[in-house]
Amino acid sequence: MSVLPTGRDDLLAGVAAIRPGPGGVHLVQLCQWLRSGLGVARVRLVLTDGSEFAWPGDAVPAGRHRRWVRLTAGREKAGDLYLEHRFRSLGRRRERLLTEVGDLLGPMLRGVVVQNELDRSLESARGHAERVAAVRRRAFGERVAERREIERDLHDGAQHHLVALGMTLGLLELYARNNDPAGQQNQLRRLRKGLDRAENALYLTATGGSPLLQEAGVYPALTAEFNDAGAQIRLEVSEWDTTRRYEVAVELAVYFICLEAVNNARKYAGGAEVVVRLANSPAGLAFSVTDTGPGLEAGDLQGSSGMANIRRRIVAVGGRLQVRSAPGAGTAVHGFIPF
């Protein structure tokens, strides 16, 4: 109904045509119809679910007469209809019209209440489903992040030992070709030790890192890692306070970055001297890994997965990184983490 009802038949037809749910008449508009059809000052509907609708929207000043009608659908209450008017009584015609309107409104309003309850239940179910989906997405993202972290730790930690094993195997083959039993026995002993260290590194990666790193810090952990490397890898410290500890994330980052940089030096600068330096100051923690190898082209540095891991680790702890390398000039990795 696009215009206000002008008589009894129009009003009853309009009320009878009302359907609850999406696309149905707005109950404020219904109040406007009833106000016009009954000739009263204000109409207010209160449903059993607590929702209220009125026309006009503002409260009517005190002193006017009020009429209340309970609206039912069978034996179930559907709501209450309140009329505010200027008459001493509504009169027989209005009362009869009000009764007829009430008989039509009761079942319709009961349908509105049921529809509202269904809508709320559906919205609640949708919200629950969205929360469950969000939790699943978050859990999946966390699992992916954990897998990537383990992948980086394996690459930066255990691979260091695997590269060393490869070099030991190469020396073993050399001694075998030269028919040097003493050299072969020496490399076999190193190979067994290397396998034990690689197995331990895999175990530590799976269980959360090096116990020595957790208990004593970066310098003792790196010393233990490079202990069997001989003169090829040298660990130096400057103004290092052995009693000072750093945040777990910082120590893990320095530890794995140094291992990965040494691992890269062993792969691309085999036999060259590698120097690992650690230094702390009031401003922050500095570290570097340099080698005297053949160096790398800029494109090789950019495409290295090891360098990508190093950069992700330094960024994660708020540090900065500088890598210098050129053919014939070796490679230097410098890192700094401010306090």
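What follows is calculated from the coordinates using simple rules that are stated; it is not laboratory data. Computed from a predicted model, the values in this text were never measured in an experiment.
Values as computed for the structure displayed
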{"quantity": "Per-q log10 I(q)/I(0), segment 211-339, q = 0.14, 0.20 Å⁻¹ (Debye; single scatterer per alpha-carbon; no solvent)", "calculated": "-0.58, -1.18"}
{"quantity": "Karplus (6.51, -1.76, 1.60) ³J(HN,Hα), θ = phi - 60°, over segment 102-114, in Hz, Gly and Pro reported as x", "calculated": "x, 4, 7, 6, x, x, 5, 5, 4, x, 5, 4, 4"}
{"quantity": "Cα radius of gyration and Dmax for segment 8-137 (Å)", "calculated": "17.7, 66"}
